[in-house]
Amino acid sequence: MSEEYQSCLVSRLSRFVSLTDHECSFIADMEKDEHPRKKGRPVVSVGDKTEGIMVLKSGWAVVKADSSDGRSQILRVYLPGEVMGLAEIGSSHASHRVMMQTDGVICPFPRGGLAPLYSDYPRLGALLTAVGSLDQIALRHHASSLGSMDAAGKLKFWLLQLRSRLEVANIGLGNRFQVPFSQVEVGQAVGLTSIYVNKLLRRFVESGDMEIERPYVRLLKRDEWEKDCEFVNAFVDMDTSWFPPAIGAETTGSADLAKPA
């Protein structure tokens with residue numbers, strides 16, 4: 001794969017298949033309209049007319065919902081290389097606000113530009129659909145954890161899932177990874193108060209389960225956590241058997257290096 005095609009989205013998708021130069025060229029078109037965004041700035045507001053999707057080329061973003069009493073809930077975290085708005089492609093207006101969690105770059109891509117996926121890039125279209133389905137499975141697992149686990153389990157599960165998703169993006173290959181959230185924001189993501197989050201994090205550190213070097217954490221007992229939480233990594237077993245063949249150039253050898261062993 002040539003240097004011009006290196007991107008977080010290409011890296012993420014290459015975990016599952018070896019992309020062709022033809023497919024990488026389409027992704028490059030998706031990412032060519034770059035818009036820098038600062039931390040804390042809105043990407044989409046409730047009620048905004050949606051024109052298509054957005055590739056999060058760099059940085060992190062979150063989907064937020066606000067209650068009438070002024071409290072906020074983080075419904076989803078977007079990571080570098082993820083496509084925002086794909087699950088909502090059928091809606092003409094935004095139902096939740098999306099905010100930048102860190103500085104980053106977004107790349108808007110119009111709905112009409114997606115049409116060639118189904119005619120000229122059918123395998124890439126199938127791959128994006130499959131990745132979107134795994135994202136939805138991961139969100140359901142997270143929702144289930146919020147309803148069935150105690151406070152410690154909720155926080156453990158959220159951190160485990162964040163680590164597994166960073167691994168797919170090739171930006172978190174081990175047990176040490178970035179968590180660019182305040183304790184208030186972590187609480188918004190797992191349904192706990194910031195005081196309780198602080199208490200749990202101190203407990204995890206004191207028990208030797210975790211090390212914290214802000215904004216990084218290291219999970220020292222990941223295997224034990226995964227067993228205790230019955231954690232299922234939604235991204236390790238994608239079924240690609242139904243994908244149509246790639247159209248165009250041969251697959252690039254370097255993409256295979258990104259696939260998990």
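Of note:
- Within the stretch 1-135, all pairs of alpha-carbon atoms sorted by distance into 5 Å bins from zero give the percentages 2, 10, 20, 24, 21, 13, 7, 3, 1, 1, 0.
- Excluding exposed DSSP-loop trypsin sites (Lys or Arg not before Pro) (at most 14 other C-beta within 10 Å), longest clean stretch of the chain: 72-261
- Our note on the geometry: Cα centres of the stretch 49-99 and the stretch 102-161, 11 Å apart.
- Accessible area in the full protein assembly, largest first, 1.4 Å probe, for SER25, SER241: SER241, SER25
- Probe 1.4 Å, protein heavy atoms only - accessible area per residue of the stretch 16-144 in square angstrom: 45
- In the elastic network of the chain, a GNM with C-alpha springs shorter than 10 Å, the most mobile of SER95, SER14, SER67 is SER67.
- Spacing of the modelled spin labels on ASP223 and GLU88, each 7 Å from Cα toward Cβ, amounts to 4.1 nm.
- Here is how the number arises for the chain: DSSP H runs of 4 or more residues each give -39500 (n - 2.57), the sum is divided by the residue count, and the result at 222 nm is -11000 deg cm²/dmol.
- Label zone (ARG203, point 7 Å along Cα-to-C-beta; backbone nitrogen cut-off 11 Å) within the stretch 221-242: none.
- Helical segments meeting 24 Å axial Cα length and Kyte-Doolittle 0.0 threshold in the chain (DSSP H): 122-148, 151-168
- Top of VAL98, VAL83, VAL232 by mean-square fluctuation, Gaussian network on the chain, Cα under 10 Å: VAL232
- Per DSSP, loop GluC sites (Glu not before Pro) in the stretch 1-66 with at most 15 further Cβ within 10 Å: GLU34, GLU51
- Over the chain, all Cα pairs binned in 10 Å intervals from 0 give whole-percent P(r) values of 6, 29, 35, 22, 7, 0, listed from short to long.
- Unsatisfied cross-links (Cα-Cα over 25 Å) in the set LYS154/LYS221; LYS156/LYS199; LYS49/LYS154; LYS57/LYS221; LYS32/LYS64; LYS39/LYS227: LYS49/LYS154; LYS57/LYS221; LYS32/LYS64; LYS39/LYS227
The values are calculated or read from the model by the stated rules, or taken from the named source; none is laboratory data. If you're wondering where the values come from, they're calculated on a predicted model, not measured in any experiment. Backbone-built Cβ (ideal geometry, glycine too); neighbour counts: all protein chains shown. With ligands, DNA and RNA removed, areas are computed over all heavy atoms of the protein, side chains included. Shrake-Rupley method; radii C 1.70, N 1.55, O 1.52, S 1.80 Å.
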